[in-house]
Amino acid sequence: MEEENSPVVVYQTGQYAVAAMMKSLLDSSGIMCRMLDSSSNTTAGYGTDAIGIRLMVPHSQAKEAGDIIAQHIKDLHAKS
């Protein structure tokens, strides 16, 4: 049960706007997501472009979150 709730990184980027968009996508899909600044393990804020931002979800939702992110990226590339 504990592993089910352990946080898992499902996406990482150096761009705050991209991380915020992906977090919003996951949130709207019903996936509990936290956006963390990779240098301090605190909630990400502005000015973290060079550091990196991680999106973390519970282990039990990691596969679904990864699938949603992958599909979104695929859709973006198809429109390009």
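Read-outs: derived from the displayed coordinates by stated rules, not from any lab. Everything quoted here is computed from the prediction, not taken from an experiment. Methodologically, a virtual Cβ is constructed for each residue, glycine included, from the backbone with ideal geometry; neighbour enumeration extends over all protein chains shown.
Coupling constants for segment 5-12 follow from the phi torsions by the Karplus curve (6.51 cos²θ - 1.76 cosθ + 1.60, θ = phi - 60°), and in residue order they are 9, 5, x, 10, 6, 10, 7, 9 Hz; glycine and proline get x. Counted by Cβ distance under 11 Å from Val9, the other residues give a net charge of +2, where Lys and Arg count +1 and Asp and Glu count -1.
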